[in-house]
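Notes to accompany the following structure.
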Amino acid sequence: DLLEMREGDDLFILTMPEQVEQLRREGWQVKVDEDQTAWLRQQRDAFLREPGANPVQGGYRTVGEMRASLNSAAARYPNLAEVFVYGRSWEGRELFGVRLTNKQKPGPKPVFFLMAAIHARELATTEVALNFIRYLVEGYRSNPDVTWLLDWHEIWVAPMTNPDGRKVAARVI
């Protein structure tokens, strides 16, 4: 993936080690950004440690794995996370999400709603939403901004609003 075009022929890309070697064989001068590489590996490893994570579809979770991730967050952080079902899809699949707030602080609280994966092949937005959930529940108490958000707000996240489309896209990918 081309991330940036810099001055002249300097390109900033996201790629795999075998592609780096292929580029070198083709005569490209390649410099690996070790800091970015270490950060990406750290993010990948954090994802793979999450219960229910399964690197299929290029690392994107299935509908069942997404639900397992939310259930796991609710089980690990019962004071902060609660899974909800808000209806059924056209084909009868559950539409689900998670409500995040410190339940010990009474409301009413302002609400932020994040809806992801509306389109069938919109794979990455679900991962962004799930990472946002993980960031909030794991950052509570250790990150003052996160603590403030969850103490004084409700954050509702629907990470997969088109499970029918995801099922179709999973067969195609």
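Dimensions of the chain along the principal axes, based on C-alpha atoms and rounded to the nearest Å, stand at 62, 42, 28, largest first. The accessible area of residue 128, taken with all protein chains in place and a 1.4 Å probe, comes to roughly 100 Å².
Accessible area per residue for the chain is 64 Å², calculated with a 1.4 Å probe on protein heavy atoms, without ligands, DNA or RNA.
Estimated at the nearest 10 Å², the accessible area of residue 112 is 110 Å² with a 1.4 Å probe. When each of the peptides 62-75, 154-167, 29-42 is scored by how many other beta carbons lie within 10 Å of its residues on average, the order from highest to lowest is 154-167, 62-75, 29-42. Residues 127, 7, 21, ordered by accessible area of protein heavy atoms at a 1.4 angstrom probe radius and largest first, appear as 7, 21, 127. The fraction of accessible area contributed by carbon and sulfur in the range 80-173 is 59 percent, rounded to a whole number (1.4 Å probe; ligands and nucleic acids excluded).
The values are calculated or read from the model by the stated rules, or taken from the named source; none is laboratory data. All values reported here derive from a predicted model rather than from experimental measurement. With ideal geometry, Cβ positions are generated from the backbone for all residues, glycine too; neighbour counts draw on all protein chains shown. Only protein heavy atoms, including side chains, enter the accessible area calculation; ligands, DNA and RNA are left aside. Shrake-Rupley method; radii C 1.70, N 1.55, O 1.52, S 1.80 Å.
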